[in-house]
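The values are calculated or read from the model by the stated rules, or taken from the named source; none is laboratory data. It should be emphasised that the depicted structure is a prediction, and the values quoted were computed from it without experimental measurement. Cβ coordinates were reconstructed from backbone atoms using ideal geometry, including for glycine residues, and neighbour counts include every protein chain displayed. Note: areas computed on protein heavy atoms with side chains; ligands, DNA, RNA excluded. Shrake-Rupley method; radii C 1.70, N 1.55, O 1.52, S 1.80 Å.
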Amino acid sequence: MTQTHIPRAADWRTRIDAAFAAQGMMRTMRAALTDAAPGMVEIAAPIRTETGQHHGFAHAGLTFTLGDTAAGLAAQTLMGPEDGVMTVEMKINLMAPGDGDRLRAVGRVERAGRRLTVVRADVFADADGRDPVQVATLLGTMMTMTGKN
C-alpha cells in the first residue's frame with residue numbers, strides 16, 4: 001500500500017536542505033542529499049577507507065548513520081513549520097556487506113503521528129556495472145520536537 005503524505009510546512013524542502021547542511025557528520029562522511037519528496041529522503045555517501053572496516057567494506061556505523069539520517073529527514077518533511085524530529089529508537093538489520101562505490105539510504109515514513117512517527121530506511125551498496133545490493137533495513141521511531149525546527 002502506497003501512502004500519500006501531505007507536508008504541514010510549505011517550505012519543507014528548504015528546511016530539509018538546511019537540516020542536512022547543518023549536520024557535521026554528513027560533511028565528515030561526504031554524504032549528499034540526492035532526492036526528497038514528502039515522506040521520503042535519499043542520502044548517499046562514498047565508501048572510503050575512512051568510513052570502512054577492517055575487511056574493506058563500509059563500516060556498519062556508516063550504514064546506520066545514513067539510514068538514521070534519511071529516515072529522520074523523511075519524518076522532518078512532514079513536520080509543522082516550527083517543529084523538528086529526534087530519533088527515539090532505531091533498529092538495524094544488516095543483511096550484506098557494504099561492498100561497492102557508495103552507500104545509498106532511502107528513508108520513508110511508515111506512519112506519521114502527532115508526537116511519534118514510525119520510519120524505515122533501506123540501505124543499498126551501489127557499484128558501477130551491477131545492480132544495487134541491499135545492505136540493511138532500519139526501522140525506528142522519531143519524536144516530534146515542538147518548537148525545535
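Suppose the filter is open to solvent by 70 Å² or more (accessible area, probe 1.4 Å), in a strand (DSSP E or B) and in contact with a strand residue (DSSP E or B) (Cβ under 9 Å, 6 or more places away or on another chain); does residue 139 pass it? Spell out how you get there, then give the answer.
On the way: open to solvent by 70 Å² or more (accessible area, probe 1.4 Å): yes; in a strand (DSSP E or B): yes; in contact with a strand residue (DSSP E or B) (Cβ under 9 Å, 6 or more places away or on another chain): yes.
So residue 139 fits the description; yes.
For region 69-85, the set of residues classified as under 16 Å from the mean Cα position of the chain (by Cα) and either farther than 20 Å from residue 16 by Cβ or surrounded by fewer than 21 Cβ atoms within 10 Å (Cβ to Cβ) (or both) consists of 84 only.
Looking at (1) modelled with pLDDT under 95; (2) surrounded by 15 or more Cβ atoms within 10 Å (Cβ to Cβ), find the lone condition where residue 52 falls short. Evaluating residue 52 over (1) modelled with pLDDT under 95; (2) surrounded by 15 or more Cβ atoms within 10 Å (Cβ to Cβ) leaves (2) as the failure.
Out of region 86-135, which residues are open to solvent by less than 40 Å² (accessible area, probe 1.4 Å) and over 12 Å from the mean Cα position of the chain (by Cα)? Walk me through it before giving the result.
In the first step, residues of region 86-135 are kept if they are open to solvent by less than 40 Å² (accessible area, probe 1.4 Å); the result is 90, 96, 98, 100, 103-107, 109, 113, 117, 119, 121-123, 125-127, 135.
Of everything in region 86-135, those that are open to solvent by less than 40 Å² (accessible area, probe 1.4 Å) and over 12 Å from the mean Cα position of the chain (by Cα) turn out to be 96, 98, 100, 113, 117, 125, 126, 127, 135.
Restricting attention to region 82-123 and to residues that are over 24 Å from residue 53 (Cβ atoms) and out of contact with any strand residue (DSSP E or B) (no Cβ under 6 Å at 6 or more places or on another chain), the residue that is modelled with the highest pLDDT turns out to be 112.
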